[in-house]
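The structure under discussion appears below in the form of structure tokens.
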Ligand SMILES: NC(=O)c1ccc[n+]([C@@H]2O[C@H](COP(=O)([O-])OP(=O)(O)OC[C@H]3O[C@@H](n4cnc5c(N)ncnc54)[C@H](O)[C@@H]3O)[C@@H](O)[C@H]2O)c1
């Protein structure tokens, strides 16, 4: 949203911040206990976010969440999620061992990582 401020000399400055149209598009990688219990309810309660894809090596778990919440896209391979150019945020809830692999790939693709 554009914001204005004064620079001390009485002149008004206009700063055009990044203007975001629409919701943040979220993809979850790892849809086990912590995602279902903590992250998913938080995203669902956030009017500025929309979960557009879920990914889990155990596909049936991700599919169940997708079915329950009307999430269209389900993946087993996180690389296919990260390759999408319509996703803003990768929410990683894999076991610790896989955090860095997924996070580095997501950051290299220009995603926000949570
Ligand atoms: N912040 C907290 O309070 C908190 C609490 C508990 C757990 N955690 C962390 O959350 C993470 C997940 O814990 P959990 O209890 O949900 O574990 P979990 O085993 O219930 O869920 C992990 C999921 O990741 C999936 N997975 C594993 N490797 C994958 C891969 N390469 N690609 C896609 N999916 C993959 C598994 O199939 C599983 O469904 C851990 O790092 C844990 O330390 C954080």
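Read the figures in this text as sums done on the coordinates, not as results from a lab. Because the structure is a prediction, the values reported are computed rather than measured. Every residue, glycine as well, gets a Cβ built from its backbone with ideal geometry; the counts of neighbours run over all protein chains shown.
For the range 46-61, enumerate the residues that are within 14 Å of the ligand (Cβ to nearest atom) and surrounded by 20 or more Cβ atoms within 10 Å (Cβ to Cβ). 53, 54, 55, 56 - these are the residues of the range 46-61 that are within 14 Å of the ligand (Cβ to nearest atom) and surrounded by 20 or more Cβ atoms within 10 Å (Cβ to Cβ).
Across the range 24-34, the qualifying residues are those that are out of contact with any helix residue (DSSP H, G or I) (no Cβ under 8 Å at 6 or more places or on another chain) and over 12 Å from residue 95 (Cβ atoms), and the one among them that is farthest from the ligand (Cβ to nearest atom) is 24. Against the criterion of being touching a residue at least 24 places away in the same chain (Cβ under 8 Å) and touching a strand residue (DSSP E or B) at 6+ places or on another chain (Cβ under 8 Å), residue 26 qualifies. Within the range 93-114, residues that are free of Cβ contacts under 8 Å to residues at least 40 places away in the same chain reach partners that are surrounded by fewer than 16 Cβ atoms within 10 Å (Cβ to Cβ) and part of a helix (DSSP H, G or I) with beta carbons closer than 7 Å, at six or more positions or on different chains, in the pairs 105/79; 113/107.
Just the residues that are in a loop (DSSP other than H, G, I, E, B) and closer than 19 Å to residue 79 by Cβ, please, taken from the range 34-61. Answer for the range 34-61, where residues must be in a loop (DSSP other than H, G, I, E, B) and closer than 19 Å to residue 79 by Cβ: 56, 57, 58.
For the range 98-110, the candidate set comprises residues that are within 16 Å of residue 35 (Cβ to Cβ) and within 11 Å of the ligand (Cβ to nearest atom); within that set, the residue that is farthest from the chain's Cα centre (by Cα) is 98. Note on the range 62-84: residues that are in contact with a helix residue (DSSP H, G or I) (Cβ under 9 Å, 6 or more places away or on another chain), assigned to a loop (DSSP other than H, G, I, E, B) and within 11 Å of the ligand (Cβ to nearest atom) total 1.
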